[in-house]
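S.K.: Sharing a structure below in structure tokens format, with a few things to ask.
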Ligand code: BDR
Ligand code: CA
């Protein structure tokens, strides 16, 4: 069971991804917090309180960067995730201490302790991951795989026409991460927008005996209201949980071409765009060089069932 480090901006779908990983028996050895949906400190508190409610308060949580690399933190997405990042759900205060190291330091330490084994799952802006790279440029050779929820390969963005939130929130950091030499699995909007949790699924989560799953169900109610404005019905797309399920090998990508990915960190209309060199998809086109990233364009139909199965299993585990 490979060790997993999760870097997140908890966040409603981050909370579901966390519950899914715990319920699925992932070997979660540390969590980093970064500003995104909410600020890094609030996100860390949300993460700690949810871990404790799920009976996993021993998993260390490290505070990461508050500000993106080049610009001040923009204040999150309260219209999507609520003022507190978790849909105004009040989790019991577990009063846990933060780890005595920063999130980038924790990532580097864990990678060094388990060379070639650590799976890193990044479901927030990439500020902490870029900082870890600068702390230890050998990091890519020390981890097993880096799975990133972010970007839009051929699909439209969700913040600007070209950019997705996690990348848009820190394009400079993302550009550094994609320029480094590691095996990346990118889970972009192309695939996350087409896996949808419906009302009946939500009811199953809310009926769980696990207080942590119930709490995530309440958070998702807020998310469903937001997506009603997008889809015209209460439901929610699955960004972070899908990336988590792919990262731990429980959901298979059915289309994941290799591509070189660069991030636009300029000031123009493309800021935050993930430019994925998918020209190899054209029949007969010479394979572009420098590919180091699997870009997940499609995943199996059973992805939502797997996310539900894993998350609901938390009731049995705790
Ligand atoms: C991503 O941005 C955040 O709002 C979500 O938690 C997810 O990680 C989707 O664009
Ligand atoms: Ca997130």
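S.K.: With the structure loaded, tell me whether residue 125 is within 16 Å of the chain's Cα centre (by Cα), closer than 27 Å to residue 178 by Cα and within 16 Å of ligand 1 (Cβ to nearest atom) or whether it fails that test.
M.R.: yes
S.K.: Among (1) surrounded by fewer than 24 Cβ atoms within 10 Å (Cβ to Cβ); (2) within 27 Å of residue 265 (Cα to Cα); (3) modelled with pLDDT of 95 or more; (4) out of contact with any helix residue (DSSP H, G or I) (no Cβ under 7 Å at 6 or more places or on another chain), which single condition is residue 74 missing?
M.R.: (3)
Residues checked against (1) within 16 Å of ligand 1 (Cβ to nearest atom); (2) at pLDDT 95 or above; (3) touching a strand residue (DSSP E or B) at 6+ places or on another chain (Cβ under 7 Å); (4) within 23 Å of residue 311 (Cα to Cα):
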{"position": "12", "(1), (2), (3), (4)": "yes, yes, no, yes"}
{"position": "26", "(1), (2), (3), (4)": "no, yes, yes, yes"}
{"position": "31", "(1), (2), (3), (4)": "yes, yes, yes, yes"}
{"position": "48", "(1), (2), (3), (4)": "no, yes, yes, yes"}
{"position": "53", "(1), (2), (3), (4)": "no, yes, no, yes"}
{"position": "69", "(1), (2), (3), (4)": "no, yes, no, no"}
{"position": "94", "(1), (2), (3), (4)": "no, yes, no, yes"}
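Residue-by-condition table, conditions (1) under 22 Å from residue 93 (Cα atoms); (2) surrounded by fewer than 20 Cβ atoms within 10 Å (Cβ to Cβ); (3) over 18 Å from the mean Cα position of the chain (by Cα):
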{"residue": "27", "(1), (2), (3)": "no, yes, no"}
{"residue": "30", "(1), (2), (3)": "yes, no, no"}
{"residue": "36", "(1), (2), (3)": "yes, no, no"}
{"residue": "40", "(1), (2), (3)": "yes, no, no"}
{"residue": "50", "(1), (2), (3)": "yes, no, no"}
{"residue": "55", "(1), (2), (3)": "yes, yes, yes"}
{"residue": "68", "(1), (2), (3)": "no, no, no"}
{"residue": "79", "(1), (2), (3)": "no, yes, yes"}
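S.K.: Give the residues of segment 243-260 that are closer than 15 Å to residue 152 by Cα and within 16 Å of ligand 1 (Cβ to nearest atom), sorted by residue number.
M.R.: 243
S.K.: Looking at segment 83-105, is at least one residue in a helix (DSSP H, G or I) and out of contact with any helix residue (DSSP H, G or I) (no Cβ under 8 Å at 6 or more places or on another chain)?
M.R.: No, every residue in segment 83-105 fails to be in a helix (DSSP H, G or I) and out of contact with any helix residue (DSSP H, G or I) (no Cβ under 8 Å at 6 or more places or on another chain).
S.K.: Follow-up question, since we're still on this one. How many residues, within segment 41-60, are in a helix (DSSP H, G or I) and out of contact with any helix residue (DSSP H, G or I) (no Cβ under 6 Å at 6 or more places or on another chain)?
M.R.: 11
S.K.: Taking segment 214-273 on its own, how many of its residues are assigned to a loop (DSSP other than H, G, I, E, B) and either crowded, with 24+ Cβ neighbours inside 10 Å or within 16 Å of ligand 2 (Cβ to nearest atom) (or both)?
M.R.: Residues in segment 214-273 being assigned to a loop (DSSP other than H, G, I, E, B) and either crowded, with 24+ Cβ neighbours inside 10 Å or within 16 Å of ligand 2 (Cβ to nearest atom) (or both): 5 in total.
S.K.: Can you tell which of 116, 157 is more than 19 Å from the chain's Cα centre (by Cα) and surrounded by fewer than 22 Cβ atoms within 10 Å (Cβ to Cβ)?
M.R.: On inspection, the qualifying residue turns out to be 116.
The values are calculated or read from the model by the stated rules, or taken from the named source; none is laboratory data. Small disclaimer: the values here were computed from a predicted structure and weren't measured. Cβ coordinates were reconstructed from backbone atoms using ideal geometry, including for glycine residues, and neighbour counts include every protein chain displayed.
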